[in-house]
Amino acid sequence: MDIQITTLSENTANYGYIAEWGLSILVEVDGTKILVDTGLSFSAVYNAQLMGIDLSTIDRMVLSHGHADHTGGLREVLKIKGEVDIIAHPDIWAAKYVQRDQQPLQYCGIPFTRQELESRGARFNLKREPVPITEHVMTTGEIPMSSGYEEIESNLFIKEDDQFKPDPLADDLALVIDTNFGLVVILGCAHRGIINTVHRAQNLYSKELVYAVIGGTHLFRASEERLENTIADLREIGIRRLGVSHCTGFRASARLAQEFEDMFFVNNAGTRVTLP
Ligand SMILES: [Zn+2]
Ligand SMILES: [Zn+2]
């Protein structure tokens, strides 16, 4: 069972590709092409073209959550793909806001109306539960906060009835691939925690063995304590590959690189990995 993982958009890029804050990863498995997230604007489409990837051939899309840096490329992708099933959680359509450095709250949700995206071919399959995609692939659905030390950032809000309240990021999900060499977990932002997400993947397939975790780990503002707990848990889980992207941040990336050595890689735009 071969799995090909190609990163189309990320905060940083390999030679020749363009970088943009956000994430978009193409997963090819079981003869199925699944596009996880779309980046912030046009970088995913631009880089896919450079890589010779025809986005009109994707079979399914998954949105890891409703933030703009993962959904802002939807219009450009739909222009190429047209009709496509998009699996996500219903809360992607919540009115999401962020507070950055004492600034007033800024809208950071999907930058299009649902109506526009549907008129371009989006067929939203919105579920709180896991959604099977192929015999060996499914989404996690809602991720329980099981680790006890991973927290959702306090600067993220949703607007409801003209009131701002903390965003629980219930829509945050990941893609899980069940392989004969262990589970492979593809993260969007891991707002609900990388370890919580991996635990969820293990529970879904009743399997302990996790081969790879790839994508945004949301450790960029993690405390020293959380980072060390995360490393200890990843060690205990026994992962073999760790490809970090996006909201991992330099400090956590450096620490993880030091800890996981050859198992670690920076998963940026233009990176192509074949597993195992
Ligand atoms: Zn996010
Ligand atoms: Zn993000």
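The values are calculated or read from the model by the stated rules, or taken from the named source; none is laboratory data. On a predicted model such as this, the values are computed, not experimentally measured, just so you know. Cβ sites come from the backbone with ideal geometry, for glycine too, and all protein chains shown count toward neighbours.
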Out of everything in the stretch 1-50 that is surrounded by fewer than 18 Cβ atoms within 10 Å (Cβ to Cβ) and among the aliphatic types (A, V, I, L, M), what residue ends up being farthest from L74 (Cα to Cα)?
M1
Of everything in the stretch 209-228, what is aliphatic (A, V, I, L, M) and farther than 28 Å from D178 by Cα? Give them in sequence order.
A222
A201 vs (1) at positive phi; (2) touching a residue at least 24 places away in the same chain (Cβ under 8 Å): all pass except (1)
It is to be established whether one or more residues within the stretch 23-39 are farther than 20 Å from M138 by Cβ, outside any strand (DSSP E or B) and of a type in the set (D, E, K, R).
no
Residue in the stretch 73-115 that is farthest from ligand 1 (Cβ to nearest atom), counting only those that are of a type in the set (D, E) and surrounded by 13 or more Cβ atoms within 10 Å (Cβ to Cβ)
D85
Just to be sure, is K159 among the charged types (D, E, K, R), assigned to a strand (DSSP E or B), free of Cβ contacts under 8 Å to residues at least 40 places away in the same chain and surrounded by fewer than 17 Cβ atoms within 10 Å (Cβ to Cβ)?
no
Looking at A201, A190, A170, A212, which is the one that is surrounded by 15 or more Cβ atoms within 10 Å (Cβ to Cβ), in a strand (DSSP E or B) and either modelled with pLDDT of 95 or more or among the basic types (K, R) (or both)?
A212
Subset of the stretch 47-72 [in contact with a Ser or Thr (Cβ under 7 Å, 6 or more places away or on another chain), within 16 Å of ligand 1 (Cβ to nearest atom) and either among the hydrophobic types (A, V, I, L, M, F, W, C) or part of a helix (DSSP H, G or I) (or both)]:
V62, L63, H70, T71
